[in-house]
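The values are calculated or read from the model by the stated rules, or taken from the named source; none is laboratory data. Since we're looking at a predicted model, the values are computed, not measured. We place every Cβ from the backbone using ideal geometry, glycine too, and count neighbours over all the protein chains shown.
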Amino acid sequence: MTIGQLAKLTNLNTETIRYYESLKLIPKPKTKESGYRNYTRDDVDTINYIKKAKQLGFTLKEIKSILNFESCEDLYELTSAKLNEVQQKLEFYKELALKLNTLIKSCPKSGEIQNCSIIKSIRNNKVVIYEKKN
């Protein structure tokens with residue numbers, strides 16, 4: 001199949017497919033005598049796998065590693081690390097939501113911007129967005 005057909009089957013554009021090739025996420029396809037690339041059903045499956053892994057939050061670099069793993073243990077460790085990363089981000093966003101909510105509650109919703117309590121809190125460093133915990 002051509003790159004256009006592959007793009008249609010995977011709902012990606014041709015530039016993304018070429019990018020995946022350049023990263024060696026999918027193998028460089030054989031070319032026909034006409035010079036066109038000839039993709040296979042395996043390429044469709046690999047691209048769909050890449051898309052699903054991206055939806056789980058894996059980066060393309062991580063996906064490349066996954067595609068080369070030889071043991072389930074390697075994938076288990078990477079997935080556990082990804083879960084830890086997601087949990088840290090959730091904690092960060094929960095804290096951020098609380099701080100934004102506090103700023104919103106302190107705002108009188110009227111008056112000049114230079115007197116806005118949100119601006120004053122940010123300028124006076126009364127809002128700490130995130131501090132890493134050891």
Looking at region 18-45, which of its residues are within 19 Å of Ile66 (Cβ to Cβ) and modelled with pLDDT of 95 or more?
Tyr19, Tyr20, Glu21, Ser22, Leu23, Lys24, Leu25, Ile26, Asp42, Asp43, Val44, Asp45
Just give me the residues in region 65-119 being among the acidic types (Asp, Glu) and either in contact (Cβ under 8 Å) with a residue 60 or more places away in the chain or loosely packed, with under 14 Cβ neighbours inside 10 Å (or both), in sequence order.
Glu70, Glu73, Asp74, Glu77, Glu85, Glu91, Glu112
Condition set hydroxyl-bearing (Ser, Thr, Tyr) and not in a helix (DSSP H, G or I), scope region 59-88, selection farthest from the chain's Cα centre (by Cα): answer is Ser71
